[in-house]
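Have a look at the structure below before the remarks.
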Amino acid sequence: MKWIAAVPLVALLLLLPFLVGDFYVNLASQMLISALLTSRYGFGHGLSAIISIAGTTATAAFFGVIALRATGLGFLMITLALSQVLWGLAYRMSNVTNGDNGIAGLTRPMPFGVSLDSAESFYWFALIVATIAFFMMSIFVSSSFGSSLKGVRDQPRRMAALGFNPWMIRWITFIYAGFWGGISGLLYVYYNKYIHPSSLSTASSAEALLGVIAGGSGTLGGPAVGAALVLLLKNYVSGYLERWNMLLGMVFLFIVLVMPTGIVPGLGKVMGKLRGGSR
């Protein structure tokens, strides 16, 4: 049943560039989604991507050692504090990051000689990367390690009594998330052809967090749905409403009150009740 329900979504993703204009294609590309190495040191896109992803993964490993000393709200506050450290460094190290001016003049790669400068071609590129990411994450979650991760999430003391190392399992998962965070950061840079220290601000972190909570944390599709909601309000509704942030707050409040677990789990429960009532 899940695969049948996914067919209309796959069809929409494949047909989207042929049905709408460049604005909506670009918006969809954002929903599916370093610079210094390319602009300042003249590295190629391939080498820059490898170094950037490796650096992001290594940073996640280091930050994980610090942040995973706490759980729950404490973990959240530590990760936000660490992001603010990076934000402050990005502004202070103006000789490296160009400070408040950001790094401009960036270009998009040409995989297999294919230009990504058009909205349609970059959308296909982002869709392919997002599909691979979703596939790899689904394998990760459904593996034996994913099962142990679920056990650590629900019953950490019982898992420890069974001989598992809850901290190590969380740390590996934190690093894996950092790896995909690095890839999404590359897509962000490729899309905008520009990067600014504000990308590390609390506001950017809050938008990502709202998307995860609204869509449904602990699910694969939830964050994607939440990101789509936030970006639609930010890029489309903001053109009609000056205070779109207030509308975002009201939508988020509605979701928390009506679907506390998020949109995807909430809709799953509704569909389950409807199927149960029809029998």
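The values are calculated or read from the model by the stated rules, or taken from the named source; none is laboratory data. Since we're looking at a predicted model, the values are computed, not measured. Every residue, glycine as well, gets a Cβ built from its backbone with ideal geometry; the counts of neighbours run over all protein chains shown. Please note that ligands, DNA and RNA were not included when accessible areas were found on the heavy atoms of the full protein model with its side chains. Shrake-Rupley method; radii C 1.70, N 1.55, O 1.52, S 1.80 Å.
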request  = Go through the residues of the range 214-224 one by one and say whether even a single one is of a type in the set (A, V, I, L, M), assigned to a helix (DSSP H, G or I) and either over 17 Å from the mean Cα position of the chain (by Cα) or within 29 Å of Ser121 (Cα to Cα) (or both).
outcome  = yes
Taking the range 226-263 and keeping residues part of a loop (DSSP other than H, G, I, E, B), surrounded by 13 or more Cβ atoms within 10 Å (Cβ to Cβ) and not aliphatic (A, V, I, L, M) leaves Tyr236, Thr261, Gly262
Matching residues in the range 136-154 (open to solvent by 70 Å² or more (accessible area, probe 1.4 Å), over 19 Å from Pro223 (Cα atoms) and either touching a helix residue (DSSP H, G or I) at 6+ places or on another chain (Cβ under 8 Å) or modelled with pLDDT under 90 (or both)) number 1
Notebook entry, point to check: For the range 72-83, does any single residue satisfy the condition of being open to solvent by 50 Å² or more (accessible area, probe 1.4 Å), in contact with a helix residue (DSSP H, G or I) (Cβ under 8 Å, 6 or more places away or on another chain) and of a type in the set (Phe, Trp, Tyr)?
Noted result: yes
Among the residues of the range 86-103, is there at least one that is under 20 Å from the mean Cα position of the chain (by Cα), modelled with pLDDT under 85 and open to solvent by 30 Å² or more (accessible area, probe 1.4 Å)? yes
Just one listed residue, out of Ala133, Ala119, is under 21 Å from the mean Cα position of the chain (by Cα), within 22 Å of Phe63 (Cβ to Cβ) and open to solvent by less than 70 Å² (accessible area, probe 1.4 Å), and it is Ala133
Exactly one of Ala206, Ala177 is of a type in the set (A, V, I, L, M, F, W, C) and open to solvent by less than 50 Å² (accessible area, probe 1.4 Å), and that residue is Ala206
